[in-house]
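Readers should treat all values here as calculations from the given coordinates under stated rules, not as data from a laboratory. Computed from a prediction, not measured in an experiment: that's the story for all the values here. Ideal geometry is used to build each Cβ from the backbone, glycine not excepted, and the neighbour counts take in all protein chains shown.
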Amino acid sequence: MGELFLPINVPLDGEIEVPGDKSISHRAVIFASLAKGTSNITHFLDGEDCMRTVDVFRSMGVVIEKQDNQLIVEGKGLGSLKEPNQPLYFGNSGTTARLMCGLLAGLPFFSVVYGDVSLTQRPMDRIVIPLKQMNAQIEGRNEGKNLPLSIRGRKLKGMTYELPVKSAQVKSALLFAGLNADGPTTIIEKTPTRNHTENMLQAFGANLEIEGDRMTIQPGKDFTAQDIFIPGDISSAAFFMVAAAIIPNSQVTLKNVGLNKTRTGILEVLTQMGGKLIIENETSNSGEPMGDITVMQSTLKGIIIEGEIIPRLIDEIPIIALLATQADGKTIIRNAKELRVKETDRIKAIVEVLQTMGASIESTDDGMIIHGKTTLTGGKVSSYGDHRIAMMCVVASLIVRGEIELDESQSIAISYPNFFDDLKKLTSSE
Ligand SMILES: O=C(O)C1=C[C@@H](OP(=O)(O)O)[C@@H](O)[C@H](O)C1
Ligand SMILES: C=C(OP(=O)(O)O)C(=O)O
């Protein structure tokens, strides 16, 4: 996209409603498509990733209409899905890939699934191995480690499985597979990851029991259509929370943001670093809490981010790294090796981008160490086609002394199509 001509050190001021949560939007389309009746989904994220999930269900015969940010889904039940006559394209979306494979493995037809260059490199064995233990018939490139995969769906066997990787996508894939199993499927999760699938299973009337670190799904329950309001995405809000925290005299309110505890690690980190934030107007819908978050600029200090909090802020680490460059002292991020298998190797990308801009940051095997506070000077950087790296670069451009030349920004439409409009609103208010 070339040079980012954005206002430098202009305070961010005002309020916006960030787009709908990406994880919850994917799940809302899936559940509404499996349910019987008409579901209205309000504040749906029409980013590219969620539209891939919509297209997949359209290819299986579900009528889905989009009116602005409202999605109307005419579900006819799990048994009504039809064999797609073309390969299913998952684009850049890891969530679509993992969740859909779990579902397709148990449906009585054949499908072929593939993705873009980035998704084709991401690990699929984390779902293929446990799905095969449930009797799934899946073949794929690199012995099933990567897309494309071919899936001959059939009745699956229930099983008990302890998750070896802290991944909500793997957990969700197995819960969806469990809907088409011959008996109960129990999943043991030692470190909590986002629980939107569990919340929505319960909201649609599935037979799901959760006890401590184990959950059991029983097949055989029909789902009834629901009206769903999708909260704002805290992972999108994070970019403006950080911008407000680091640009002098800023104050930003983000309305109706999802506050599910499995996602709010960023709020804890901001507070521990000395950030000022207020949460107001808390409500909830379909088991998902939400509220308004106001963030003000403040003096920040470095902290250690590790352990159980990591899955609760995994997608926010690119913007947290930028935040840490503006905090006094050392910030250490550990136990985040999963970042290496996201849209790009995010540890490598974050470190490269921020080093180019003049930050003092080094990578470790499972994270990074950042020394602050540094004045960023700009430079020529690549997002590697990763939406979160691209948005981090745009926020950085608001505080750099020089200019940032970013190679692309189209990827931002994957999760935040109106990102630049929202940025403009916050930088141009009186
Ligand atoms: O289940 C989900 O919606 C997601 C889970 C996380 O991935 P993993 O399950 O791979 O950790 C997250 O990084 C991704 O953006 C969305
Ligand atoms: C990792 C992400 O998404 P996905 O895994 O669905 O591609 C993300 O949005 O940061």
Which residue, chosen from Gln202, Gly77, Met100, occupies the Cα position most advanced towards the positive end of the dipole of the range 22-229, where the dipole is computed from +1 (Lys, Arg) and -1 (Asp, Glu) charges on Cβ about the Cα centre? Met100
For Ile228, the residues 5 or more places away or on another chain with a placed amide H closer than 5 Å to its own amide H are Asn40, Ile41, Thr42
Sequence-distant residues sharing a close amide H with Gly287 (under 5 Å, placed H): none
Pull out the extension gain between Thr364 and Lys380, defined as 0.36 nm times the separation in residues minus the alpha carbon to alpha carbon distance; nm, one decimal. 3.4 nm
Quick check: residue separation of Lys221 and Lys66 times 0.36 nm, minus the Cα distance between them. What number comes out in nm? 53.0 nm
How large is ³J(HN,Hα), in whole Hz, for each residue of the range 73-84 in order, when computed from phi with the Karplus curve 6.51 cos²θ - 1.76 cosθ + 1.60 and θ = phi - 60°, using x for Gly and Pro? 10, 9, x, 10, x, 3, x, 8, 5, 9, 4, x
Dipole moment magnitude, nearest 20 debye, the chain about Cα centre, only Lys, Arg, Asp, Glu C-beta charged: 1200 debye
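What does the helix-only formula give at 222 nm for the chain: each DSSP H stretch with n ≥ 4 adding -39500 (n - 2.57), the total divided by the residues, and the result rounded to the nearest 500 deg cm²/dmol? List each step's numbers first, then the result.
Values: 14 runs with 134 residues, N = 430.
Mean residue ellipticity, 222 nm, calculated: -9000 deg cm²/dmol.
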Percent antiparallel among DSSP beta bridges confined to the chain, nearest 5, equals 75 percent
Can you give the longest stretch of the chain with no exposed loop site, where a site means chymotrypsin sites (Phe, Trp or Tyr not before Pro) in a DSSP loop (not H, G, I, E or B) with at most 16 other C-beta atoms within 10 Å? 110-430
HN-Hα couplings for the range 367-376 via Karplus (6.51, -1.76, 1.60; θ = phi - 60°), in whole Hz with x for Gly/Pro, come out as x, 6, 10, 10, 10, x, 9, 10, 8, 7
Note, the range 42-47: 3J(HN,Hα) by Karplus (6.51, -1.76, 1.60, θ = phi - 60°), whole Hz, Gly/Pro = x, goes 9, 6, 5, 7, 8, x
For the range 64-163, what is the number of Lys pairs with C-alpha distance below 17 angstrom, counting only pairs 8 or more positions apart or on separate chains? 4
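Order these by the 10 Å Cβ neighbour count, fewest first: Met296, Met124.
On the way: Met296 14, Met124 27.
Fewest to most other Cβ atoms nearby, the residues stand as Met296, Met124.
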Would you list the membrane-span-like helices of the chain, meaning whole DSSP H runs whose alpha-carbon atoms span at least 18 Å along their axis and whose mean Kyte-Doolittle value is at least -1.0? 22-34
So how far apart, in nm, are the two label points at Glu280 and Lys330 if each is 7 Å from Cα heading toward Cβ? 4.0 nm
Compute the length gained on full extension between Asn249 and Glu74: take 0.36 nm times their separation in residues and subtract their Cα-Cα distance, giving the result in nm to one decimal. 58.2 nm
Farthest positive-ward along the chain dipole, Cα basis, beta-carbon charges - from Leu423, Thr216, His387: Thr216
Under DSSP loop assignment and at most 16 Cβ neighbours within 10 Å, longest trypsin sites (Lys or Arg not before Pro)-free interval of the chain: 1-81
